[in-house]
1. By counting other Cβ atoms within 10 Å of each Cβ, how are A:379, A:166 ranked from fewest to most?
2. So how strong a dipole does the stretch B:237-307 carry about its Cα centre when Lys and Arg Cβ are +1 and Asp and Glu Cβ are -1, to the nearest 20 debye?
3. If you put +1 on each Lys and Arg Cβ and -1 on each Asp and Glu Cβ, how big is the dipole of the stretch B:164-290 around its Cα centre, in Debye rounded to 20?
4. Under a Cβ-Cβ cut-off of 14 Å, what is the net charge of the residues other than residue B:234 that fall near it, where Lys and Arg count +1 and Asp and Glu count -1?
5. Run the numbers for residue A:250 and residue A:365: contour at 0.36 nm per residue of separation, minus the present Cα-Cα distance, in nm.
6. For chain A, list the DSSP H helices whose alpha carbon atoms reach 20 Å or more along the long axis and whose average Kyte-Doolittle value is -0.5 or above?
7. Going by C-beta contacts inside 10 Å, put A:138, A:408 in order with the fewest on the left.
8. Taking amide H positions as placed in the peptide plane 1.01 Å from N, state which residues far from residue A:214 in sequence (5 or more) or on other chains have amide H under 5 Å from it.
Amino acid sequence: MIIIGLLLTTLLGFFITLLVSSSLRFLERIPLSFVLGLGIQTLLMFYLALLKIPLTLFNITVLVLLVTVFLGILVRKRLRTVMKFNITNALKFKRFDRLELLLLSILTIILFVLLLISVYWPISFDWDAIALYDWRARVFVATGGMDEAIKRGYFFGYPLFTSMAHVWVYLLGGVSPRIVYPLLYACFILLFYAVLRKFQNRQVSILITFLTGVTPSILGHAFLAYTNFPYTLYLVIGTLYLYLWEKFKKSEDLISAGLLIGLSTWVRAYEPFWIAFLLYLWFIAFRRRLFKLPLVCTLIFLIIQQSWRLYANYLEPSYISLTKQVSFSLVSLVNQFNLGEIREVSFFVLRYAIFPLIPVFTLLFLLIVKGWLKKNREHSSFLFFLLFNFLILFMGSYLFTFFWAGWREIPDSLARLSVFFYPLIYFAIGLFIV
Amino acid sequence: MIIQGIKSFNLSFFPMFTLVTFFVLTYTTIITLGGNLTSELKFINTIMVLFTLASGVLASQSLIDNRPKGILAVLYFLVFLWTRIIFLLSIIVSLLLCFDRSKYYIANHLRNWFGTKVLHGEDYIFLFGLFVLLIFGLSILKIGKEEEKTKKYFFIISTVILISGLAVQGLIGFSISAIALIKPIITYPSAGYDWKMRFQIGPFYDYTRFVNENTPPDAVFLEPPMIMPWPLIGNEGYTRYFIFPRELVKEEADEARKKKITHIFIVGRKEGQWPTTKIKSKRLIYMPENPGEEPIVVEKDYDPQDPINDLWGIIEI
């Protein structure tokens, strides 16, 4: 039952990817289908709950099927083209060398172990999931809606992506919704590889994907029912698609980026890294004097982002809306400007977010120096994007001190929040290896 | 001169950054695993320090290949000595740490014999800085003759060490947590939901089951404050997960909410008894010590002095 349900989710995503693009390779389309399918389905479930329609297996299945059929009608021509492809050709590879085989085998073993852990262990050692994400899911399943969970308090801290994904697994008869996370991990690995492969040879792409896949903070979250890993996935893969658009100018990449970054805010709403995405997008748009497509992408992003924000802001007056966040930040920045605090925050960020990144930075730095000595500046814009994200991290951490007096007590949150820098830096490493 | 400088820069960069990286790897491996000196960590610590030593030797070897003359020879000697002594010390400290856990594990900080912190971020940053300055200075000033082969050799060795170090760090960290979670899967492959929850959560899970079995779904509980020694049962966000749809109320809640209270948790004496005052009760239900036994039901008021309050239970009011 769970397999059928998750296939339905993937089918929904498959039609979304068809709507966006007809030229994706099989190994890119399938993981993207699951990632987009799960994101959009959870969002649809949220809309269903907003309309006070009970969150039951029947209702959700009918809704997903209706949307899937509707999308199917829209993309029927593309579907015919895609269905013509030969699966044996799609899976045909040049023979792997020993290193590639070794790395792929290790990744496969890791995935197997993650699946084993996820199938066996119910939500039991994931503190935050017990306190919030899985708690909300259980209440939704028990009551069919969101009202009871809202009444019990501590509800609006995070959007409902993880909770709705858990609801789906529970309704499908699953005992542990943990299974979603290793599947997302597998998709992340495949998508990271698929994008990097467009810039690099196979061996380097596999090596860098492997290093990304075995990053401790990513592996550590790949079986935890937290929001950190899904957030990293949507943000990173969205960023990579934005970069693909910058380099290859295909509109489908930008639409995928808009969907993925939008969904990252559906996983974690307060993090400000979408700002880097929008500014970078519009910077390129103005440079190229191309506005229609970036506007569509921004709209897609905003529709997804504002769905939760508007709702939370409407029901919870203390919820920090986007306008409140911006205006309060600006006012605090002017009124409470404090050099000592900036210094303290900088050290805090350096110690807990930047310092653990030094090993990967080292490798990137070496390659940048080597690349620049050879006058290779092809991928410099990605570095600027990376740098901009770091500035947001510093700035965001500083502004956070105005919102939360106890910021010094949660270095772990900052470390977890910075996990997405690892794949981005590894991707840059992959770009710079000559 | 500039080209010469860039060439030596290139030559010295790889070993130098490899060293820096392995210092950081050693540090982060320990820190990310919580600073606890578990047996696995002792192993990682030692392996990582050995890696560091290997890369240190490689780095200083590059200087041997390019032995300087005159005043630079002194500088060279210092770097050579520094790399070896520091790395040797790292290994000795690491091995000493392995001898006695309790002696060196003090409140999340690893300390050496003299009670000062070792393997701490700031110390490493200081050491990196010192090392970077020395090596960088040396490479810019240029020592001896540079060979293409040596350059290539160092590039390959350094990159391989760096990449394998990163991979090893990730895989070891993952293996430790994965082994802990897989062991029970192999030993008890067909274990049920309750067994798994009990395994991860402990006796608290049994207590929540006892609560669910002995109270109606609309029960409203007064719970202890979220301070020690009641970090779990006092945590509303945590406890509500296990006893839903029952509700929880804190002592500081408003009177209207307090009026709804139908039950009160009893925390056993050994775990920090609560409540600590006498309470007029309909009846008291205690959780038996051994699973499978019937709950002990007593129809009297709750008195914290009563010896039965060694057990966990519920006050029905």
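1. Numbers: A:379 17, A:166 28.
Taking fewest neighbouring Cβ atoms as first place, the list is A:379, A:166.
2. Values: 14 positive and 13 negative charges, 64 e Å.
I would put it at about 300 debye.
3. Working: 17 positive and 13 negative charges, 62 e Å.
Here the size comes out at about 300 debye.
4. Working: positive: B:240, B:250; negative: B:223, B:236, B:251, B:252, B:271.
So the environment of residue B:234 carries a net charge of -3.
5. Details: separation 115, 0.36 × 115 = 41.40 nm, distance 2.98 nm.
Fully extending the segment from residue A:250 to residue A:365 adds 38.4 nm.
6. Details: long enough: A:2-20 (27 Å, 2.71); A:26-50 (35 Å, 1.56); A:57-74 (25 Å, 2.72); A:98-120 (33 Å, 2.42); A:180-196 (24 Å, 2.24); A:228-248 (29 Å, 0.61); A:251-267 (25 Å, 1.08); A:274-288 (21 Å, 1.35); A:292-315 (34 Å, 0.92); A:358-373 (22 Å, 2.16); A:380-403 (34 Å, 1.92).
Qualifying helices, which must be both long enough and hydrophobic enough, are A:2-20, A:26-50, A:57-74, A:98-120, A:180-196, A:228-248, A:251-267, A:274-288, A:292-315, A:358-373, A:380-403.
7. Numbers: A:138 20, A:408 11.
The fewest-first ordering by Cβ neighbours comes to A:408, A:138.
8. Residues meeting the amide H criterion: none.
Quick note: the coordinates plus some simple rules give every number you see, no bench work behind them. Source: prediction; values computed, not measured. Note that each Cβ is placed from the backbone with ideal geometry, even for glycine, and that neighbours are counted across all protein chains shown.
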